[in-house]
1. Could you tell me whether region 166-177 includes any residue that is of a type outside the set (A, V, I, L, M), more than 22 Å from the chain's Cα centre (by Cα) and under 22 Å from residue 320 (Cα atoms)?
2. For region 279-335, which positions are of a type in the set (Lys, Arg), more than 11 Å from the chain's Cα centre (by Cα) and closer than 24 Å to residue 364 by Cα?
3. How many residues does region 212-266 hold that are touching a residue at least 12 places away in the same chain (Cβ under 8 Å), of a type in the set (Asp, Glu) and not in a loop (DSSP other than H, G, I, E, B)?
4. Return the residues of region 227-280 that are open to solvent by less than 80 Å² (accessible area, probe 1.4 Å), under 17 Å from residue 199 (Cβ atoms) and not aliphatic (A, V, I, L, M); say none if nothing qualifies.
5. In the set 318, 391, 366, 383, which member is open to solvent by less than 30 Å² (accessible area, probe 1.4 Å) and free of Cβ contacts under 8 Å to residues at least 40 places away in the same chain?
6. So residue 36 passes all but one of these: (1) hydrophobic (A, V, I, L, M, F, W, C); (2) within 28 Å of residue 333 (Cβ to Cβ); (3) without any contact (Cβ under 8 Å) to a residue 24 or more places away in the chain. Which condition number does it fail?
7. So, residue 267, is that one on the phi > 0 side of the Ramachandran plot and of a type in the set (Phe, Trp, Tyr) or not?
8. Looking only at region 371-380, how many residues end up being open to solvent by 40 Å² or more (accessible area, probe 1.4 Å) and either in contact with a strand residue (DSSP E or B) (Cβ under 8 Å, 6 or more places away or on another chain) or free of Cβ contacts under 8 Å to residues at least 40 places away in the same chain (or both)?
Amino acid sequence: MIYFSWDDKPEAFDDDKELLKLKIFRDQDENQIVPIQLSPLEFEQLLHSQNHIFAESDNYPFLKIISGHLEGQVSLIYIDPPYNTGNFFTYNDNFSASGDMHSGWLSFMKRRLLPARQLLADTGCIFIAIDQSELYVLKLLCDQIFGEENFVNDFMWLHGKGKKDRWSRTLQQHTLCYAKDKSQLAAFSDIEFTDWAKSNPDDDPRGNWFSGSISFTESRSNPRHKNFYALTSPSGKVWKRQWMVSREEMQKLIATDKIYFGKKPDYDQVPRVKIFNSEETEIIPKNIVDCVDSTRAAQRHLDDLLGEKGVFDNPKPVDLIEHLIKISRQPKDALIMDYFAGSGTTFEAVSNLNAEDGGNRRCILVQTAEQNLRNPLLTISDVCRRRMVEVQARSLQSADQASANQAASSAGPLAESAGDIVFLTVK
């Protein structure tokens, strides 16, 4: 068990009595007109509703408040906390004091990661964005909180040209991933499109292909597994082992000439599946994420969405969050949380995925009403609200069009989607 210590910096909400002073208000619309105070029962019902929730609040007390209501119910958490670089962003990004570069930041983060672990489902995981300023101490802190054995990987996002100094150019930002219980976390999976097949050994009219494994070796096969059976090649050679597909699926692959038994007439090679260019292949995800937009592209997207340039600096790309949610293979009705919500990228990613696969994921986002140095007339919370409202409006417009198209084609009903956004203020 990893353990290390630092000079702890207390916060007011360490005292649970301070939580009792907080009141939770529900805004009547996105313009925060006539907010109404929620009773504890109304708040409890809201947390378990199908609505997305945005809370304008310090995330520490909010996490403490909801941890008792939603313990073990959050499937995935993504956070992009302050990096302790010495600058000032959404939260104070400079925790150094008296020459101590780490204690304030570690104290801040520990208080916000302990309840996160409590909220996560046993099958859930957390992704934490960080740069090199606190990467290594964050890894030690997370090893202590989540357990070193529950570390999944560091998914490094190549975010563009990177930042440079006199000695090197740093091209990646880090995303540490931890499971609540790695033994119960589903194996991560990604989809890759084949485009590298250069040969066609059997002159298949569908074009070039390469072969992929579809079985275990005899020594690794489990005779009691349901996919343990004998397969006979066209020349009569028998292969008896554990296969990666059922007998029925195997027969379909053989019927469509997707199984390669080796060159005729011998057909004496271990059967393998033929994978053609442009086909989807399920793979183990790489920890280098180079398939998503750059920081600059993410900035342009947010500017276009809000109709205003530079409202928020350096938003994360929507497809980065989509990618992390996809590879984690969490259920389509997952509860996803981001309590350093920033401009609301996580909400847009969840909305996009729901539209893409008919899912019913819902979001809880938390963002403090922090000063926005880019636009003093808008807090960071205001930016997040605006983005969420705009994204939902576009999603509803797309859903209405899809319903009209479906009605015209006499198809079945659309899948039920997650509900409206409920805006809360905690103070």
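The values are calculated or read from the model by the stated rules, or taken from the named source; none is laboratory data. Keep in mind that what you see is a predicted model, and the values were worked out from it rather than measured. Every residue, glycine among them, receives a Cβ derived from its backbone with ideal geometry; neighbour counts consider all protein chains shown. In case anyone asks, the SASA skips ligands and DNA or RNA and just uses the protein heavy atoms, side chains included. Shrake-Rupley method; radii C 1.70, N 1.55, O 1.52, S 1.80 Å.
1. Checking region 166-177: at least one residue is of a type outside the set (A, V, I, L, M), more than 22 Å from the chain's Cα centre (by Cα) and under 22 Å from residue 320 (Cα atoms).
2. Hits for region 279-335 are 316, 332.
3. Selection size over region 212-266: 0.
4. Of everything in region 227-280, those that are open to solvent by less than 80 Å² (accessible area, probe 1.4 Å), under 17 Å from residue 199 (Cβ atoms) and not aliphatic (A, V, I, L, M) turn out to be 257, 258, 260, 261, 262, 274, 276, 277, 279.
5. 318
6. Evaluating residue 36 over (1) hydrophobic (A, V, I, L, M, F, W, C); (2) within 28 Å of residue 333 (Cβ to Cβ); (3) without any contact (Cβ under 8 Å) to a residue 24 or more places away in the chain leaves (2) as the failure.
7. So residue 267 fits the description; yes.
8. In the first step, residues of region 371-380 are kept if they are open to solvent by 40 Å² or more (accessible area, probe 1.4 Å); the result is 371, 373-374, 376-377.
The next check asks that each one be either in contact with a strand residue (DSSP E or B) (Cβ under 8 Å, 6 or more places away or on another chain) or free of Cβ contacts under 8 Å to residues at least 40 places away in the same chain (or both); those that pass are 371, 373, 376-377.
The number of residues fulfilling the criteria is 4.
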